[in-house]
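Have a look at the structure below before the remarks.
The values are calculated or read from the model by the stated rules, or taken from the named source; none is laboratory data. For clarity, every value in this text was computed on a predicted model and none was experimentally measured. Here Cβ is always computed from backbone atoms with ideal geometry, including for glycine, and neighbour counts include all displayed protein chains.
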Amino acid sequence: MSELYHIDFVEGVPVYRQLVDRIRANIKSGVMENGMQLPTVRDLAGQLGLALGTVKRAYDELGKEGLVQQVQGRGTFVSYRHVDSESRKERAMSAIDEMLQVLEEMNFSMTETRIYLDLKLRQREMVQENLKVALVECNPEVLSQVADQLRAIPGIDIFTYLLEEMRRYPYHLSEEMDLVVTTMIHAEEVEQLLGSHRKMARIALRLQPRYVGQIVKLPDDAAVAVLCGSLRYGDLLAQTCLTYTDRVCLLPPRLLGNAEGCGTVLDEADAVVLPENFEKYCTARELEQLRAFAETAPLLRCAHQIDEGSLMYVEDKIQRLRAGQKI
């Protein structure tokens, strides 16, 4: 039972809000089914070590949202039913029949009706609210690079989250986001955190093609320094180098952002591999040192992107969501 109502007391998010979000996510994911009785305010407050007023406030808010019903003398019960696709379809067809009947009574022809419907649909599409798409990744470099690529898809707003953030507080993603995109390596963990795979899209990454050639052309036995904003991305860059050439000598990845500068690593290196937008992770001193290095040796910028198949998969999910279809 404790997992159903888990609270993180060091999160910094109000406790009653965490409780509301947690129960809401459990209800809408089907973990807590319609008719299920919740603990009494007193019992749940005792289990979680909360004030009675905190639990009462959470239950009252869930009641306002129509997710639970508080029955005097009996307790609090889940009162949310998932609408299945068949009943939605039946209601939609019935609504369309009623609309067509009204237009027929107004003596509109089928051609006129089709023209007006098409016009209204196009007007609705122009003002339709953007879908909320969350991107979850473990390092800031990939998060920034992939978000830039996804922003080219029309009709969506991108929200970026480091995996560590999601681990601490996943509920608002599962509840507020229309779609959560993450890489293959994190898909299983993110799915467990969301409690459902229906909102997820898994993607594979690859080095942007324009950067492959510069790595392939590195001379044999060159000492290559890997500089990065996070060690996770440094490991990815190192693995990328080994994928396209096994002839170089890779120096251990080193974090940017050191007030003392790049140190001796540039003295040891014949080439440097680093993120495309490395400037945002550098100190002023490091930036000056790297610019001086680039005057005599290769400074190789790298960026990763969603591969073509994964991008088509994400775009298809977004199109289905916008059309109100299940994904």
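Could we say that Glu129 is within 26 Å of the chain's Cα centre (by Cα), part of a helix (DSSP H, G or I) and not hydrophobic (A, V, I, L, M, F, W, C) here?
Taking the combined requirement at face value, the residue does not satisfy it.
Of the conditions (1) surrounded by 14 or more Cβ atoms within 10 Å (Cβ to Cβ); (2) small (Gly, Ala, Ser); (3) under 20 Å from Leu162 (Cβ atoms), Gly257 clears all except one; give me its number.
(1)
With the checklist (1) of a type in the set (Asp, Glu); (2) more than 21 Å from the chain's Cα centre (by Cα); (3) under 24 Å from Leu163 (Cα atoms) in hand, flag the one item Glu315 doesn't pass.
Answer for Glu315: the failing condition is (2).
For the stretch 1-70, give me every one of the helices (runs of 4 or more DSSP H) that falls completely inside it and has 3 or more residues that are over 19 Å from Tyr169 (Cβ atoms) and of a type in the set (A, V, I, L, M).
Counting at least 3 such residues, we get 41-48.
Which of the residues that make up the stretch 137-176 are touching a residue at least 60 places away in the same chain (Cβ under 8 Å), within 23 Å of Leu274 (Cα to Cα) and not in a helix (DSSP H, G or I)?
Across the stretch 137-176, the qualifying residues are Cys138, Asn139.
Which of (1) farther than 18 Å from Leu274 by Cα; (2) in contact with a strand residue (DSSP E or B) (Cβ under 6 Å, 6 or more places away or on another chain) does Tyr211 not meet, given it meets every other one?
(1)
Could you check the stretch 171-205 and list, in sequence order, the residues that are basic (Lys, Arg) and at pLDDT 90 or above?
Hit for the stretch 171-205 is Arg202, nothing else.
Only one of (1) exposed (fewer than 13 other Cβ atoms within 10 Å of the Cβ); (2) under 30 Å from Arg122 (Cα atoms) is not met by Val314, so which one is it?
So Val314 meets the others, but not (1).
Among the residues of the stretch 98-113, is there at least one that is under 32 Å from the mean Cα position of the chain (by Cα), among the hydrophobic types (A, V, I, L, M, F, W, C) and either at pLDDT below 80 or more than 27 Å from Arg167 (Cβ to Cβ) (or both)?
no
Just to confirm my filter: which helices (runs of 4 or more DSSP H) fall fully inside the stretch 236-327 and include at least 2 residues that are in contact with a Lys or Arg (Cβ under 9 Å, 6 or more places away or on another chain)?
308-322
Tell me, which residue of the stretch 260-276 that is over 25 Å from Ser144 (Cα atoms), of a type outside the set (Val, Ile, Thr) and at pLDDT below 90 is surrounded by the most Cβ atoms within 10 Å (Cβ to Cβ)?
Of everything passing the filter in the stretch 260-276, Gly263 is surrounded by the most Cβ atoms within 10 Å (Cβ to Cβ).
Just to verify a result, which residue in the stretch 227-266, among those that are free of Cβ contacts under 8 Å to residues at least 60 places away in the same chain and of a type in the set (Ser, Thr, Tyr), is farthest from Ala297 (Cα to Cα)?
Thr243
Scan the stretch 222-238 for residues that are over 26 Å from the mean Cα position of the chain (by Cα) and either closer than 17 Å to Leu163 by Cβ or at pLDDT below 90 (or both) and jot them down.
Those that are over 26 Å from the mean Cα position of the chain (by Cα) and either closer than 17 Å to Leu163 by Cβ or at pLDDT below 90 (or both): none in the stretch 222-238.
Return the total of residues in the stretch 71-85 being of a type in the set (Val, Ile, Thr), assigned to a loop (DSSP other than H, G, I, E, B) and either touching a Pro at 6+ places or on another chain (Cβ under 8 Å) or crowded, with 18+ Cβ neighbours inside 10 Å (or both).
Qualifying residue count, the stretch 71-85: 0.
Can we say Leu218 is modelled with pLDDT of 85 or more, in a strand (DSSP E or B) and either touching a strand residue (DSSP E or B) at 6+ places or on another chain (Cβ under 9 Å) or hydroxyl-bearing (Ser, Thr, Tyr) (or both)?
No.
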